[in-house]
Amino acid sequence: MGLQDRVKRAKKGKIPEHVAIIPDGNGRWAKNHGYERSKGHKKGSEVAENLIEFASHELSIKFMTFYTFSTENWSRPSREVKFLMALLKDFLQKKEFKFMKNNVKLRVIGDLSQLPRKTSMIVKRTVEKTAKNDGLQLVMALNYGGRQEILRATKKIIEGVKEGRTHLSNLSEETFRSKMFAPDIPDPDLLIRTSGEERISNFLLWQVAYTELWFTDTLWPAFAPEHLLDAIFEYQSRERRYGQVKDKERNRQQ
Ligand code: IPE
Ligand code: IPE
Ligand code: MG
């Protein structure tokens, strides 16, 4: 079946509203091809761009979150960290026009204060420029860690309690969520991790509580729209129960 036929078939079912991606394997892809790791990152950024376009044009996905740089990625060799920061800056600089054309709204989760000045400037500028776009919301997790996000929320809550704005007795999941980086964005429906690793690596710990997880051996720079469709078909075949019993079982018990 061709790509367009598969898209049509996918659209007959439920399309996930929010797809989160851990785009892993850039380094291994480069190594397999005899390149430096940086070439894998460069190719990976092109793949991300292509996928964003496909997801918004063909599937009308509303939110896509990319794990772009983790709080732990600082411990990579400084040459690689520098390359990644420069790549991000160039990517956003070059894509600003495309984001506007495609109606993409850029959002960021994570602590921008530790990024190189130029990179954080461009990130903030792109976020501001695209703020009124109402197409796909592209969320970049930048210097992001799930534990750090939860800790940060906890600190905000404690401050609120100290200052009398929050009362422990009515502290709810919703109040907690409101202290997250992007509380208005719904939890991911589907999380994709490439490269054969099957772990969360400190990504969206709070938000993935009931997310469907999908893993593939494909390395990120080789990931194509076809693979996103594979993930969506698998997602459509799953039953999300949220701790309840299946509808059929429920009827049988009554
Ligand atoms: C993911 O690819 C990209 C980032 C973490 C920025 P890796 O760089 O982790 O590639 P592998 O896992 O070493 O192959
Ligand atoms: C997760 O990949 C982070 C990003 C893709 C940005 P890593 O390659 O850093 O994760 P681990 O080290 O394999 O867990
Ligand atoms: Mg990796």
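The values are calculated or read from the model by the stated rules, or taken from the named source; none is laboratory data. Here the structure is a predicted model, which is why all the values come from computation and not from measurement. Using ideal geometry, Cβ is built from the backbone for each residue, glycine included, and neighbour counts are taken over all protein chains shown.
At-a-glance table
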read-out	value
Tally of residues being more than 13 Å from the chain's Cα centre (by Cα) and away from ligand 2 (no atom under 16 Å from the Cβ) across segment 17-36	4
Residues satisfying the stated conditions in segment 218-254, i.e. small (Gly, Ala, Ser) and loosely packed, with under 10 Cβ neighbours inside 10 Å	237, 243
Complete set of residues in segment 1-30 that are of a type outside the set (A, V, I, L, M) and closer than 18 Å to residue 87 by Cβ	23, 24, 25, 26, 27, 28, 29
Pairs, first more than 15 Å from residue 44 (Cα to Cα) and part of a helix (DSSP H, G or I) in segment 76-91, second more than 15 Å from ligand 3 (Cβ to nearest atom) and modelled with pLDDT of 95 or more, C-beta under 9 Å, six or more apart	82/116
Some residue of segment 196-210 being away from ligand 2 (no atom under 16 Å from the Cβ), surrounded by 15 or more Cβ atoms within 10 Å (Cβ to Cβ) and not acidic (Asp, Glu)	yes
Unmet requirement for residue 55, which otherwise passes all of (1) small (Gly, Ala, Ser); (2) more than 17 Å from residue 230 (Cα to Cα); (3) more than 12 Å from ligand 2 (Cβ to nearest atom)	(2)
Members of segment 39-50 found to be under 21 Å from the mean Cα position of the chain (by Cα) and within 16 Å of ligand 3 (Cβ to nearest atom), listed by number	40, 41, 42, 43, 44, 45, 47, 48
